[in-house]
1. Please give the calculated 222 nm ellipticity per residue for the chain, where each DSSP H segment of at least 4 residues contributes -39500 (n - 2.57) and the sum is spread over every residue; nearest 500 deg cm²/dmol?
2. From the phi angles alone, apply the Karplus equation (6.51, -1.76, 1.60; θ = phi - 60°) to the range 139-152 and give each ³J(HN,Hα) in whole Hz, x where the residue is Gly or Pro.
3. Compute a Gaussian network model of the chain, connecting alpha carbons closer than 10 Å, and tell me which residue from Asn155, Asn77, Asn96 fluctuates the most.
4. Within the range 10-56, list the trypsin sites (Lys or Arg not before Pro) lying in a DSSP loop whose Cβ has at most 15 other Cβ atoms in a 10 Å radius.
5. Per residue, how much accessible area does the chain show when a 1.4 Å probe rolls over the protein heavy atoms, in square angstrom?
6. Long-range amide H contacts for Glu42: which residues qualify at under 5 Å (H placed 1.01 Å from N, peptide plane, sequence gap of 5 or more or a different chain)?
7. Amide H of His142: which non-local residues (sequence gap of 5 or more, or other chain) have their own amide H closer than 5 Å, using H built in the peptide plane?
8. Given a 10 angstrom Cα cut-off, can you work out which residue in Gly68, Gly28, Gly148 is the most mobile in a GNM of the chain?
Amino acid sequence: HNNNFYRKYASQPLNVFTEFTKEQMLFGCTYGLCILDNEGGETRTLVSRILVNDILVHEDIIWIATSGNGLIRFNPNDESIEKFTTENGLPSNFTNSIEYSDGYIWMGTESGLCRFDPINKTTITYSSIQALSNFSFNRNAHFKLKNGNLAWGTNNGVVIFNPKVIRQDH
């Protein structure tokens with residue numbers, strides 16, 4: 001354990017953490033996204049002034065679920081930031097949980113479930129499904145089951161579904 005890291009960040013609420021590489025950890029805090037070098041203990045803020053609820057690392061891109069700033073795509077190679085909000089079709093800018101499955105990024109928000117296509121940068125919201133439209137999805141409360149189904153914690157228990165067969169009714 002690195003005492004400098006502990007002293008520097010001990011008073012900051014930590015919402016989520018995950019391994020980025022074998023040498024680095026990502027930390028989602030109330031003030032931004034930080035990276036920790038496991039060997040030397042150095043820390044650096046990658047994205048500041050956001051409240052991080054959840055983190056997804058997929059194909060060297062860091063996707064950040066935020067409280068009030070929607071979904072943020074951070075490319076650590078060039079440190080570029082792209083933000084997706086309700087203006088881009090998200091049902092809420094309060095994205096509480098994030099999971100990857102079969103080419104899509106699934107997000108539990110305060111206004112229901114949505115599926116984001118990272119290639120086309122489009123969003124489908126599953127608000128027409130009555131069971132999902134009334135749920136607020138909890139922060140960092142999700143799991144991809146061995147059979148491929150996704151499980152999400154909500155304000156009304158757990159929701160489990162197969163992402164390959166769920167459909168949006170028009």
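The values are calculated or read from the model by the stated rules, or taken from the named source; none is laboratory data. All values derive from a computational prediction rather than experimental measurement. Here Cβ is always computed from backbone atoms with ideal geometry, including for glycine, and neighbour counts include all displayed protein chains. Surface accessibility is based on the protein's heavy atoms, side chains included, excluding ligands, DNA and RNA. Shrake-Rupley method; radii C 1.70, N 1.55, O 1.52, S 1.80 Å.
1. -1500 deg cm²/dmol
2. Each residue's phi maps through the Karplus curve to give 5, 6, 10, 7, 7, 9, 6, 4, 7, x, 5, 10, 10, 10 Hz.
3. Fluctuation is largest for Asn77.
4. Lys22, Arg49
5. 54
6. The list, which skips near neighbours in sequence, is Asp37.
7. Gly153
8. Gly148
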